[in-house]
Every structure is written in structure tokens, then in C-alpha cells.
1. Given (1) under 27 Å from V32 (Cβ atoms); (2) in contact with a Gly (Cβ under 7 Å, 6 or more places away or on another chain), identify the lone condition not met by I214.
2. From the list S234, S211, S238, S200, exactly one residue is loosely packed, with under 13 Cβ neighbours inside 10 Å and of a type in the set (S, T, N, Q). Which is it?
3. Identify the single condition in (1) surrounded by 14 or more Cβ atoms within 10 Å (Cβ to Cβ); (2) part of a loop (DSSP other than H, G, I, E, B); (3) in contact with a strand residue (DSSP E or B) (Cβ under 9 Å, 6 or more places away or on another chain) that R218 does not satisfy, given that it satisfies every other one.
4. Which of the residues that make up the stretch 207-254 are over 25 Å from G12 (Cα atoms) and in contact with a Pro (Cβ under 6 Å, 6 or more places away or on another chain)?
5. Test G29 against the stated conditions and say whether it is assigned to a loop (DSSP other than H, G, I, E, B), closer than 15 Å to V142 by Cα and in contact (Cβ under 8 Å) with a residue 24 or more places away in the chain.
6. Filtering the stretch 24-59 down to residues that are surrounded by fewer than 23 Cβ atoms within 10 Å (Cβ to Cβ) and under 16 Å from the mean Cα position of the chain (by Cα), which residue is nearest to the ligand (Cβ to nearest atom)?
7. Name every residue in the stretch 185-201 that is out of contact with any Leu (no Cβ under 6 Å at 6 or more places or on another chain), within 8 Å of the ligand (Cβ to nearest atom) and part of a loop (DSSP other than H, G, I, E, B), in order of residue number.
8. Filter the stretch 142-181 for residues that are in contact with a strand residue (DSSP E or B) (Cβ under 8 Å, 6 or more places away or on another chain) and aromatic (F, W, Y) and give the result.
Amino acid sequence: MSDQDPVLLVTGGSRGIGASVCRMAAKAGWRVVVNYASNAGAAEAVVDEIRKAGGVAAAVQGDVGSEAGIASIFAGVDRAFGRLDGLVNNAGVVDVKARVDEMSVERLERMFRINVIGSIRCAAEAVRRMSTKHGGQGGVIVNVSSVASLLGSANQYVDYAASKGAIDTFTVGLAQEVVREGIRVNAVRPGVIDTDIHASGGLPDRARDLSSVIPLQRPGTADEVAGAILYLLSPSASYVTGALLNVSGGRGAP
Ligand code: NAP
């Protein structure tokens, strides 16, 4: 690979959907920045795997839920590769099952700080580096939303669903804002995907338990979501911007 190859930042690239995106993107010719919040070992394992397969990757720590964290992520990108061509806004969290009338303001602030403000701020830093208006060469952004934005997630985590609704609207608006600056912006809406996120919300068996309500009768895999993200990142999607693509086994249409 050479220093002409495009550079992709994947927030939350150390585990789950983000890790699959990192592996697939490296195979597709991207040099990859694997961002993580706290689990350095998982991020280094993804980087090692990519390097062993002949790809180029670097792990960069930084919490997208803080301004200092975002500054250090982009400083890491600039230091490691000195350019940016793509961003996958993948880092996101859920919280434990609760009704809205049980949710604390601290819970809501964490949810929106990481899932919404983190994605918007990372996109802003990416636009500063990629937009032709700022002297960049253009680029591509893929936001990771959820079909929860369509379903609402009542009695489970309406706050999370609302944060993903904000991501949908943000995707449509940013896509229009930068459409003449060489940047495409799209989102995927995964359904129930078999990753660690369910255990972090206190429901480790959630993906399996929900199989019967998914039209395809099974949870999705991280690779199945990553495949859709890789399409949106690729030149095959050159006429696609402002789109919201469900990757949900048929759940949550439209
Ligand atoms: P996951 O398995 O829990 O992995 C989360 C990743 O995000 C980890 O790499 C984690 O790094 C990182 N991360 C968490 N908080 C972060 C922060 N504040 N700053 C930077 N990185 C952070 O999650 P996943 O299931 O792959 O989910 C990825 C995205 O898909 C999320 O946006 C999620 O909402 C969305 N999604 C998932 C599903 C599903 O069913 N899995 C469905 C719809 C949408 P550390 O290991 O260092 O903490």
C-alpha cells in the first residue's frame, strides 16, 4: 500500500460492527484508523489482524463523548496518516432497559453526548479536512443509526431510539450541506445485530431472543452491516447521498 491510498476513520472500530468495517475496509484498500474508548487490547487485535493480512492500520484512543477525546482522535489521524478520506460514525452506546419516566438527566446527557453530539462533532472535524471548500479532496461519511429510530423502542430505551432519530435527520441535513463540496453522507440503520452491545445494556441474549419478531427470523451479523457500509463508502455509491439504508432483516420498514 502507498501514502496515496485513502484513509478511513472508524469510531468504535475495536469491536462489533466497527471492527468488521475496519477489517473489510482494509481489504478494500483503505488505510484504517481504528478508534476505541477504553479497550486498547481489542483495538490492537484488529490492527494486528489487518497488518498480518497486508493492510495498513493504526489504533487511536479517544472518547467521542468528550471534546478532548475528539481532539485527540483527529490529532491521531493527522499524526498517523496526514489525510482523511472517509469517516464511519459508528461509536454508540445503549443503556439498561427503562421507561422514560425512570430515566435520569445524567443518563440522557450521556446518551446524547456520545451518540449524537459525538457523531456531529466527528463529522464536523472530517468535513474540515475533506471538503473542497476547505481545500480538501472530498470524501465520504457513513453514520450508523438504528431501526430503533423508526420503532421507538418503547419500554426498553426510547432515549437511544431518539438519539438515532437525530442521526437520521443529521444525515439528511449534512448531506445537503456538503453535497457540492465533494462529500457524500449516508446512514445505515441496523436492526438486531449479534454484538456485545446487548450485554452492555444488560440483555446478553437479546439478539437471539428477538429472532421471532425479525421478518428474516434471525439476528444479523456485524459483517452483514459492514458490507452495506462498505458499499456506501465505495465509488459504486457515487450517486447515493442523504440515504438511510435499513440493514435489519426486514424489520422497521420503511
Ligand atoms: P459494541 O459491540 O458495543 O461496540 C462498541 C464500539 O464502540 C467499541 O469499539 C467501543 O470501544 C466503542 N465505543 C463505545 N463508546 C465509545 C466512545 N464514547 N468513544 C469511542 N468509542 C466508543 O457495539 P455495536 O453493536 O457494534 O454497535 C455499533 C453501532 O451500531 C452503534 O452506534 C450502535 O448504536 C449501532 N447499532 C447496533 C445494533 C446492534 O444490534 N448491535 C443495532 C442498531 C444499531 P471500547 O471497546 O473501547 O469501549
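1. (1)
2. S238 is the lone residue from the list that is loosely packed, with under 13 Cβ neighbours inside 10 Å and of a type in the set (S, T, N, Q).
3. So R218 meets the others, but not (3).
4. G250
5. no
6. Applying the filter and picking the extreme gives A37.
7. Hits for the stretch 185-201 are G191, D194, T195, D196.
8. Of everything in the stretch 142-181, just one residue is in contact with a strand residue (DSSP E or B) (Cβ under 8 Å, 6 or more places away or on another chain) and aromatic (F, W, Y), namely F170.
The values are calculated or read from the model by the stated rules, or taken from the named source; none is laboratory data. Not measured: the values here are computed from a predicted model. We place every Cβ from the backbone using ideal geometry, glycine too, and count neighbours over all the protein chains shown.
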